[in-house]
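The values are calculated or read from the model by the stated rules, or taken from the named source; none is laboratory data. Given the structure is predicted, the values throughout are model-derived calculations rather than measurements. We place every Cβ from the backbone using ideal geometry, glycine too, and count neighbours over all the protein chains shown.
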Amino acid sequence: DSGVTQTPKHLITATGQRVTLRCSPRSGDLSVYWYQQSLDQGLQFLIQYYNGEERAKGNILERFSAQQFPDLHSELNLSSLELGDSALYFCASSRLGTGDYEQYFGPGTRLTVT
Amino acid sequence: GQQVMQIPQYQHVQEGEDFTTYCNSSTTLSNIQWYKQRPGGHPVFLIQLVKSGEVKKQKRLTFQFGEAKKNSSLHITATQTTDVGTYFCAGRSGNTGKLIFGQGTTLQVKP
């Protein structure tokens, strides 16, 4: 158990819909990262937050957005869902945000868009 | 943009054989991290390399960071069935936490 929690574990929804994925980092970790993992794309970095502020951005689609709240939990919002958004979404956390620290991954949310 | 390539994509070995996965970056890296993901699981941090030419060992696992800080390798000696999983390298080239992951090498070990 990494100490990072993600909800829900599974999500099945239809194209065009909007979903919210939630992540609680390890106690004491200030930085949260979101990744998308699909069979053909590997682990793709989406976005990083550090202490409530956006710190780094990857190839995150405009239909996706995220935020980190004062209690440090984070949410990833996916809208206008397409079939290709079906993937495993991981949240990870680290103590600080400079990339010198190991990242602890949560169990992931498996999203299926039908 | 920055790319991290990892080979091979898959490797099947007999238990007891050695295994190596290689990671190459298109740019010089500040550091490189290695993660292992068991089937159905999430990535778990193994190690971080920071210095040019650095070599670190964890029991049967040996990690190397190239002199130019653009490549890295993970070598497993005498594989065991517990080594099964996908091994990812992840490179950082800025001062944020952004990591670029390689595609991973999936290791299968036949008992």
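Looking at region B:46-66, which of the residues that are assigned to a strand (DSSP E or B) and either closer than 30 Å to A:His10 by Cβ or among the charged types (D, E, K, R) (or both) is nearest to the other protein chains (Cβ to nearest Cβ)?
B:Leu46
Counting just the residues of region B:32-45 that are in contact (Cβ under 8 Å) with a residue 40 or more places away in the chain and surrounded by fewer than 19 Cβ atoms within 10 Å (Cβ to Cβ), which one comes out nearest to the other protein chains (Cβ to nearest Cβ)?
Checked region B:32-45; the qualifying residue nearest to the other protein chains (Cβ to nearest Cβ) is B:Gly41.
Only one residue in A:Leu76, A:Leu81 is more than 12 Å from chain B (Cβ to nearest Cβ), more than 14 Å from B:His42 (Cβ to Cβ), in a strand (DSSP E or B) and not charged (D, E, K, R). Which one?
A:Leu76
Select from region A:105-114 the residues that are more than 10 Å from A:Thr7 (Cα to Cα) and facing another protein chain (nearest Cβ under 7 Å) and list them in ascending order.
Once the filter is applied, which keeps residues that are more than 10 Å from A:Thr7 (Cα to Cα) and facing another protein chain (nearest Cβ under 7 Å), region A:105-114 yields only A:Phe105.
Suppose the filter is within 24 Å of A:Val4 (Cβ to Cβ), within 11 Å of chain A (Cβ to nearest Cβ), at pLDDT below 95 and assigned to a strand (DSSP E or B); does B:Gly91 pass it?
yes
Here are the criteria: (1) in contact with a Ser or Thr (Cβ under 8 Å, 6 or more places away or on another chain); (2) under 27 Å from A:Ser93 (Cβ atoms). Tell me which single one B:Pro8 does not satisfy.
Of (1) in contact with a Ser or Thr (Cβ under 8 Å, 6 or more places away or on another chain); (2) under 27 Å from A:Ser93 (Cβ atoms), only one is false for B:Pro8: (2).
Taking region B:54-83 as the region of interest, how many residues are surrounded by 20 or more Cβ atoms within 10 Å (Cβ to Cβ) and either touching a helix residue (DSSP H, G or I) at 6+ places or on another chain (Cβ under 7 Å) or closer than 20 Å to B:Tyr10 by Cβ (or both)?
4
So B:Thr86 ticks every box in (1) surrounded by 13 or more Cβ atoms within 10 Å (Cβ to Cβ); (2) more than 14 Å from chain A (Cβ to nearest Cβ); (3) assigned to a strand (DSSP E or B); (4) not basic (Lys, Arg) but one. Which box is left unticked?
Result: B:Thr86 fails condition (2) only.
Answer yes or no as to whether A:Glu53 is farther than 25 Å from B:Val44 by Cβ, within 14 Å of chain B (Cβ to nearest Cβ) and in contact (Cβ under 8 Å) with a residue 12 or more places away in the chain.
Answer is yes for this residue.
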